[in-house]
1. Counting other beta carbons within 10 Å of each Cβ, put Met137, Met277, Met238 in order, fewest first.
2. Once you sort the root eigenvalues of the Cα gyration tensor of region 299-425 as a ≥ b ≥ c, which label holds: rounded (a/c under 1.5), prolate (a/b larger than b/c) or oblate (the other case)?
3. Would you calculate the separation in nanometres between label points at Ala246 and Asp364, each defined as 7 Å from the Cα along the Cα-to-beta-carbon direction?
4. Find how much the distance from Thr308 to Arg94 grows on full extension, using 0.36 nm per residue of separation minus their present alpha carbon separation; answer in nm with one decimal.
5. Applying 1/(1 + (r/R0)^6) with R0 = 60 Å to the Cβ-Cβ distance of Val86 and Ser239, what FRET efficiency is obtained, to the nearest 0.05?
6. How far apart, in nanometres, would the label points at Leu134 and Glu317 be if each is projected 7 angstrom from Cα along the Cα-to-Cβ direction?
7. Name the shape class, rounded, prolate or oblate, that the alpha-carbon gyration tensor gives for region 17-130, where a ≥ b ≥ c are the square roots of its eigenvalues, rounded holds for a/c under 1.5, and otherwise prolate holds if a/b is larger than b/c and oblate otherwise.
8. Label points 7 Å out from Cα along the Cβ direction at Ile209 and Val159: separation in nm?
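FYI, it's all coordinate maths here, none of it is from the lab. Since the model is a prediction, treat every value here as computed from it, not as a measurement. Cβ placement follows ideal geometry from the backbone for every residue including glycine, while neighbour counts extend to all protein chains displayed.
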Amino acid sequence: MIKPPAGPAGGGTATAALALLAPLAHPSTDHAPPLAHSPHRWVRALPHLLVLAAVCSLLPSAINVLAHDYGLSGGLAAALAVAQTVPLLLAVTRPLPAWWMIAGADLASSVLVLAFGSGSASVPWPATGLVGYLFLMLLLALREPRRVLVLVWLVTGAVSLALSVVGLGRSGGDNSVLALALTGAVLVLGGALRERAEAQRLLAEQEHISEAERERRTLLEERARIARELHDVVAHHMSVIAVQAASAPYRIPGLPTAAVEEFTAVAGTARESLAEMRRLLGVLRSEESGAETAPQPGVGQLAQLVETVGRAGVPAELAAPPELAGTLPPAVDLSVYRIVQEALANVVRHAPGAQAWVSLAVDDRRLLVTVVNGAPPARAESLEASAEGTGHGLVGMRERVRLLDGRLDTGPLPDGGFKVAAVLPFDTPGETPA
């Protein structure tokens, strides 16, 4: 097989060099200035003000240095000074294009100083040009990636060393090594600041995502817990339906054959529903949760709950109509107990030693549940700040109230206490909803 002739070695080297320098032709697409995400307007304006101050101070200084220290004509010195300083205004949002402009101006200034300048000032970098270039390096390092910064430093070093060789032997001295060291230091510092800010931003985003996921997991866990608890309530009603439908032909003599068949079908459907509910409960039950065989608590157990909380160091008082026990629908009865339980648990965690009051009242087929606590004692204030809850309290209350189409109101009180108020609609036995 005939191989194509190889190209000249010089062409391959030039192509490789252009490929290496390609990132310098592709600036960042993010044009937001430094500190653009600050909530304070004066902080966002700070980079623009600093650059403007730098240009206003460097421009006359550069004209004076180029004209007097390096012996350039006034017009040429002014033109070079403008080309070296004014592009700094662009560097706030587009530092890489500004680098091309300022680097070209600095190169032209150094070449003209070496060719036509006089005096004993250091070459190849005029002092004002070096200061402006370092300021540009800082803005560049805050925006561009590490690869671009390395290439900028290498190009700066190569050009500086080449110019220093051309100007070798001048009486003013050589500052190319100093310029190379200062440029590298500023690029490293600015790059470190940019990467640190980027890491902090990513960390904040991850924390936000984690917090959202944690809230979502808490909500799902609480809903599953409520569903497991309500399983007993629904299963009880389904069992009653099954028993009533199966025993109807025996309790009611003379039923038509069609009615007997209908009751038998209802009983069979109820038993199938119970079996499906048991499978559903198995799905909802977590691996850590064991079999919940204890009866579900209700309003009748609130007095015992208040007594238990009192032994934990939170004196509490209960005011509830005695006729409520055993008359509420099972779902409402269970929800009332859980809401009061969570509210008192929050008092124990966040306001230990504070007085608490629990009250239940009935108003037009609505149950009003209120749990109020006072401000914690002075000795407990330090404990309040470090107390950590499970995160399920208020979430569980809201879910239970939403399940019953009720309303929940929570919030701090002016005296330093906290209030939890729930309105739960229900139909008392023997009444028909309006």
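1. Details: Met137 28, Met277 14, Met238 18.
In order of increasing Cβ crowding within 10 Å: Met277, Met238, Met137.
2. Details: a/c = 1.98, a/b = 1.61, b/c = 1.23.
Prolate shape, in that a/c is at least 1.5 and a/b is the bigger ratio.
3. 4.4 nm
4. Values: separation 214, 0.36 × 214 = 77.04 nm, distance 6.70 nm.
Roughly 70.3 nm would be gained on extension.
5. Details: r = 87 Å, r/R0 = 1.45.
Taking R0 as 60 Å, the efficiency between Val86 and Ser239 is 0.10.
6. The modelled label-to-label distance comes out at 7.4 nm.
7. Numbers: a/c = 3.35, a/b = 1.50, b/c = 2.23.
Oblate.
8. According to this spin-label approximation, the distance is 4.1 nm.
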